[in-house]
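Beneath this line is the structure, given in structure tokens, with notes to follow.
The values are calculated or read from the model by the stated rules, or taken from the named source; none is laboratory data. All values derive from a computational prediction rather than experimental measurement. Cβ atoms come from the backbone with ideal geometry, glycine included; neighbour counts cover every protein chain shown.
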Amino acid sequence: MRTLVIAAFALVLAATPVLADQPAACPCVPIAHLWIVKTCNDWNCAAAELAVANGDPQVIAVPVAMNDARWLVVRRFSAGAAIDSGDPFRVEQFDGMTDAVQRFSALKADYKPMLMTAPDGQILVIGLRQPEPRRRAAGH
């Protein structure tokens with residue numbers, strides 16, 4: 001019996017270096033996240049989006065500084081889980097403030113740019129895809 005225990009112990013010691021040389025099998029795949037934006041015509045739409053999000057901190061409602069009651073709902077998705085909806089607004093995300101401020105500064109006021117930090121630490125620059133059309137005053 002004692003010989004069997006010693007032989008089993010020796011076998012375990014001999015197999016340990018072989019197992020240690022193999023890389024650990026990790027099913028971990030880094031997931032990239034992207035921020036997208038959806039335009040809501042009023043607060044009721046934005047509130048409904050927040051309610052559906054069920055308290056998810058990666059969903060944010062932001063009012064738009066325009067002459068109407070539009071709101072933006074900004075949401076974080078896993079890359080590949082959403083497609084571009086063609087919304088009039090777009091989101092660009094940056095890892096650092098320097099690049100984000102540079103991009104924000106490059107957008108003219110007609111694009112209604114907004115700069116914000118997201119809960120995941122990304123810096124978001126939101127703006128219209130096309131400049132807001134200028135309205136002419138009605139002449140007499």
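Select from segment 56-68 the residues that are of a type in the set (A, V, I, L, M) and assigned to a loop (DSSP other than H, G, I, E, B) and write down the one among them that is modelled with the highest pLDDT. Step through it out loud before you land on a result.
Taking segment 56-68 and keeping what is of a type in the set (A, V, I, L, M), we get 59-62, 64-66.
Subset that is assigned to a loop (DSSP other than H, G, I, E, B): 64-66.
Details: V64: 88, A65: 73, M66: 75.
Once the filter is applied, the top-ranked residue is V64.
Go through the residues of segment 104-113 one by one and say whether even a single one is touching a strand residue (DSSP E or B) at 6+ places or on another chain (Cβ under 7 Å), part of a helix (DSSP H, G or I) and of a type outside the set (G, A, S).
Checking segment 104-113: at least one residue is touching a strand residue (DSSP E or B) at 6+ places or on another chain (Cβ under 7 Å), part of a helix (DSSP H, G or I) and of a type outside the set (G, A, S).
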*Do any residues in segment 117-128 that are under 14 Å from R90 (Cα atoms) and free of Cβ contacts under 8 Å to residues at least 24 places away in the same chain have Cβ atoms under 7 Å from those of residues that are β-branched (V, I, T) and assigned to a strand (DSSP E or B), where the two are at least six apart or on different chains, and which pairs are they?*
none
_So if I check each of V64, V59, which one is of a type in the set (V, I, T) and in contact with a Ser or Thr (Cβ under 9 Å, 6 or more places away or on another chain)?_
V64
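Among residues belonging to segment 35-55 that are of a type in the set (G, A, S) and in a helix (DSSP H, G or I), point out the one that is surrounded by the most Cβ atoms within 10 Å (Cβ to Cβ).
Among those that are of a type in the set (G, A, S) and in a helix (DSSP H, G or I), it is A46.
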*Identify, please: which residue in segment 56-115 is closer than 22 Å to P30 by Cα and in contact (Cβ under 8 Å) with a residue 60 or more places away in the chain and is, among those, surrounded by the most Cβ atoms within 10 Å (Cβ to Cβ)?*
Q58
*Can you tell me which residue among A48, A20, A32 is at pLDDT 95 or above and over 19 Å from P131 (Cα atoms)?*
A48
_For segment 79-89, check the following and say yes or no: at least one residue is in contact with a strand residue (DSSP E or B) (Cβ under 7 Å, 6 or more places away or on another chain) and assigned to a helix (DSSP H, G or I)._
no
*asked:* Quick check on my filter: what residues within segment 116-138 are more than 19 Å from R76 (Cβ to Cβ) and surrounded by 17 or more Cβ atoms within 10 Å (Cβ to Cβ)?
replied: L128
